[in-house]
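Some notes on the structure that comes next.
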Amino acid sequence: HGLKETGTDQKSPFSRLVAMTFFSNEPPGIVSIGMDAVAAACAEGGDDFAGPLVKMRVVEALEQMLRDAERRGRPPAAGVMRLVASLSSCEGLQLHLGRRPELVTLVCDQARAETAVGTLALLTLRNLAFCPPLKNQMCLDARL
């Protein structure tokens, strides 16, 4: 995925950070720091970052990271779950996250773990459950 494909402003520091974190071949340590920085920016800026993240297909990239971790039989990196939890607190992204059935299933699977990743997964599910348009869907979901 490239920034030109998505139409996102390449000059924005946030867009460059997201591109470096998700769509480059940076070493894992750099990617982890990038995820933490994106999570912090989302926590501070909330919905201001929702549009660029959707355009850059970050939610899909996170879903793929969770899927890959599950296939390897390992928990995802804490930074991945930290970012998912942070995104779930942005009103502009809650619907986008909650309407991705595989992502919700992957988060539910992680919520069973008694670890920091499990706690972040529970926070994600809580945030989605309190989103008014998703409330019924989340409350009726048999996985929860």
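The values are calculated or read from the model by the stated rules, or taken from the named source; none is laboratory data. Note that the structure is predicted; figures quoted are calculated from it, not measured. Cβ coordinates were reconstructed from backbone atoms using ideal geometry, including for glycine residues, and neighbour counts include every protein chain displayed. Ligands, DNA and RNA are stripped out before the accessible areas are found, and what is left, the full protein with its side chains, is counted by its heavy atoms. Shrake-Rupley method; radii C 1.70, N 1.55, O 1.52, S 1.80 Å.
General remarks:
- The angle separating the long axis of helix 58-72 from the principal Cα axis of greatest extent in the chain is about 60 degrees.
- Rolling a 1.4 angstrom probe over the protein heavy atoms with all chains in place gives the range 13-140 an accessible area of 50 Å² per residue.
- Across the chain, the mean sequence separation of Cα contacts (distance under 8 Å, 6 or more residues apart), normalised by length, yields a relative contact order of 19 percent.
- Spacing of the two label points (7 Å from each Cα toward its C-beta) at Gln64 and Glu91, in nm: 3.2
- Solvent-accessible area, 1.4 Å probe, carbon plus sulfur percent, for the chain: 55
- With all projection directions averaged, the alpha carbon convex hull of the range 13-140 covers 7.3 nm².
- Ranked packing of 48-56, 119-127, most packed first, by mean Cβ within 10 Å: 119-127, 48-56
- Once the Cα atoms are used to define both axes, helix 13-22 deviates from the longest principal axis of the chain by about 70 degrees.
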